[in-house]
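All remarks here apply to the structure that follows.
The values are calculated or read from the model by the stated rules, or taken from the named source; none is laboratory data. In this text, all values refer to a predicted model and were calculated from it rather than measured experimentally. Positions of Cβ are generated from backbone atoms using ideal geometry, with glycine treated the same way; all protein chains shown enter the neighbour counts. What goes into the accessible areas is simple: the full protein's heavy atoms, side chains included, and nothing from ligands, DNA or RNA. Shrake-Rupley method; radii C 1.70, N 1.55, O 1.52, S 1.80 Å.
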Amino acid sequence: MTEYQLIEADDTVLRDGTIKLHGPEGFEGMRRAGRLAAQILDEIAPMVQPGVSTAAIDDKVREMILAGGAVPATMGYRGYAHSSCISINHVVCHGIPSEKTLKDGDIVNIDVTPLLDGWHGDSSRMYLVGDVPLKARRLVDVTYECLMIGIDKAKPGARLGDIGAAIQAYAEQNRYGVVREFCGHGVGRLFHDAPEVVHAGREGTGPELKPGMFFTIEPMINLGKPPVKMLADGWTAVTRDKSLSAQFEHSIGITEDGCEIFTLSPKGLHKPPYA
């Protein structure tokens, strides 16, 4: 049975399997953290060019997180040593920044999570590097549409499975594969918490969505089949068939009549190309 827990301003929050319900203070905290994440993803857009290393982008992300009065939630998380995850082409998620440089035609996901005043602003966005082939651009477009279709289902009284079912139906309608091994998650004072937000499923199943729930929706959509495999570094997940993969992520909160997106781009850079 799903358990919900009302979180007051001064409560200690534990990763205990309960779904947390937050009040006005939580919404305000997530607005600040989410806005910082979105601003960072806006500001790095001009850097995503051929010849730029993913380490240089990660350095810029860290600089902006610290300048915003936050710390990178990923740095030190389970031994991870970077301020962002940067996933290129067939990398599904958790790509590790390095001296590897971007190439013309790459598609890139950049995932950032500033921890600001105790709240996690978790978001990722796709970027196009130079002249990107049409099939890759189409994958990026459909993945963004999957995210927004899922968000449209996020409202009080709906079920978590409604989100996954809508994303799966749209992706498969376009003959793409939906990754199951990784999913969205509860967010707030804890980086990863209940519930798990799987991007495939059946309508009418899963926990009921209630006002005050905070979680991410972050569909990972493959040009080929859904399965992924882990590389030896223990972090990087790639498509098993080496097909391209794309992902977008927003942190949202369920309101009395719908949901609020905490990580919307202040500059309107919702999906590429970012003019």
| query | Given the options Gly34, Gly79, Gly253, which has the most mean-square fluctuation in a GNM of the chain, springs set between C-alpha atoms less than 10 angstrom apart? | reply | Gly79
| note | HN-Hα couplings for the range 253-268 via Karplus (6.51, -1.76, 1.60; θ = phi - 60°), in whole Hz with x for Gly/Pro, come out as x, 6, 9, 5, 10, x, 8, 10, 8, 7, 10, 5, 5, x, 8, x
| request: Obtain the nm distance between the two label points defined at Arg175 and Glu208 by a simple spin-label model: each point lies 7 Å from its Cα along the Cα-to-C-beta direction. | output: 4.2 nm
| said: Can you tell me the length gained on complete extension of the stretch Asp117 to Lys135, counting 0.36 nm per residue apart and subtracting the Cα distance? | reply: 2.4 nm
| query | Going down the list Lys20/Lys229; Lys225/Lys271; Lys60/Lys103; Lys135/Lys242; Lys135/Lys229, which pairs span over 21 Å between their C-alpha atoms? | reply | Lys20/Lys229; Lys225/Lys271; Lys135/Lys229
| query | Pulled fully out, how much extra length does the chain show between Asp59 and Lys225, if you take 0.36 nm times their separation in residues and subtract their Cα-Cα distance? | reply | 56.4 nm
| field | Qualifying GluC sites (Glu not before Pro) for the range 1-45 [loop in DSSP, other Cβ within 10 Å: at most 12] | value | Glu3, Glu8
| field | Local electrostatic count at Pro227 - Lys and Arg +1, Asp and Glu -1, tallied over other residues with Cβ under 12 Å | value | +3
| query | Once fully extended, how much extra length lies between Trp235 and Phe27, figured as 0.36 nm per residue of separation less the alpha-carbon to alpha-carbon distance? | reply | 71.8 nm
| field | Compactness of the range 134-266 - radius of gyration and Dmax, Cα, Å | value | 14.5, 45
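Using a 1.4 Å probe on the protein chains only, how many percent of the accessible area of the range 135-275 belongs to carbon and sulfur?
Roughly 50 percent of what the probe reaches on the range 135-275 is carbon or sulfur.
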| note | For the range 187-275 the GluC sites (Glu not before Pro) that pass both the DSSP coil test and the at-most-12 other-Cβ-within-10 Å test are Glu256
| field | the range 70-82 - phi-based ³J(HN,Hα) in whole Hz, Karplus 6.51/-1.76/1.60, Gly and Pro as x | value | 10, 10, x, 5, 6, 6, x, 6, 6, x, 5, 10, 10
| field | Gaussian network model of the chain, Cα within-10 Å springs - most flexible of Leu21, Leu134, Leu66 | value | Leu134
| query | Taking K and R as +1 and D and E as -1, what net charge do the other residues with C-beta under 10 Å from the C-beta of Gly51 add up to? | reply | 0
| remark: In order over the range 101-111: 3J(HN,Hα) from phi, Karplus 6.51/-1.76/1.60, θ = phi - 60°, whole Hz, x for each Gly or Pro, gives 9, 6, 10, 4, x, 5, 10, 9, 9, 10, 10
| task | Per DSSP H run of at least 4 residues, take -39500 (n - 2.57); add these up for the chain, divide by its residues and hand me the 222 nm value, nearest 500 deg cm²/dmol. | result | -8000 deg cm²/dmol
